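Structure record follows, encoded as structure tokens.
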Amino acid sequence: MAFDLLGASALVALAAIVAWRRPWRRAEDPVAVEACLESFSADSYLPMLRLADSSDSSFLSAHLGPEQAAKYSRLQRRMLRDYLRGLSRDFRRLHSLATESALRERSGNKDSSLALVEEKMEFIFCMWSLELRLLLSGIVPCVVNPRPLLANVEQVEAKARASARRRTDLRFS
């Protein structure tokens with residue numbers, strides 16, 4: 001019985017990874033991805049922290065009633081999902097820049113490549129955890145904390161910016 005449950009869990013995880021990768025997704029132009037790095041700021045996702053806070057709906061429930069608080073909570077979850085979609089898109093772009101740079105260098109530094117894979121897996125699992133918590137928060141109160149996800153994006157952003165600086169230095173030298 002436990003083996004069946006473990007096998008089913010592995011199958012669900014594999015299906016989720018395949019669905020998240022979406023091989024039918026159109027490949028983005030590398031020049032456009034690099035241009036997005038110039039305008040990217042992880043601070044633009046800080047409103048997610050406020051949206052994840054449950055104190056607003058508690059306040060509304062006390063002052064306007066549970067029906068208005070439920071409407072507001074649904075709106076919060078919808079906006080948070082929109083932020084998560086955008087964050088996922090930006091993470092993919094940043095990660096592709098950092099990965100491309102690591103592949104170009106190929107100087108035997110497998111630690112940086114492994115770190116990028118670990119960061120991607122951490123991002124995927126954080127994203128799944130947040131999406132599951134958002135789904136469950138419509139039924140039972142759940143704490144939704146996007147801070148680890150934002151920290152992961154900031155790490156990959158730093159690597160992508162460093163690789164862009166190295167590419168720029170190589171072009172001008």
Exercise. What net charge do the residues around residue 134 carry, taking every other residue with its C-beta under 13 Å from that of residue 134, with Lys and Arg at +1 and Asp and Glu at -1?
Worked result: +4
Problem set entry | Where Rh is the Kirkwood radius over Cα pairs, Rg/Rh for segment 30-172 | 1.10
For this session: Express in nm, to one decimal, how much length is gained between residue 115 and residue 43 on full extension, taking 0.36 nm for each residue of separation and deducting their alpha carbon distance.
Result: 23.6 nm
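Where does the charge balance sit around residue 57 when Lys and Arg score +1, Asp and Glu -1, over other residues with C-beta under 14 Å from its C-beta? Before the final figure, lay out each step's value.
Values: positive: 50, 71, 74, 77, 78; negative: 53, 56, 67.
Here the count lands on +2.
If you rank 56, 90 by fewest surrounding Cβ atoms within 10 Å, what's the result?
Details: 56 14, 90 20.
In order of increasing Cβ crowding within 10 Å: 56, 90.
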Seminar exercise, completed: Net charge (Lys, Arg +1; Asp, Glu -1) of residues whose beta-carbon lies under 12 Å from that of residue 152, residue 152 excluded, is -3
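Values in this text are rule-based calculations from the coordinates and carry no lab data. This is a predicted model, so every value here is computed, not measured. Ideal geometry is used to build each Cβ from the backbone, glycine not excepted, and the neighbour counts take in all protein chains shown.
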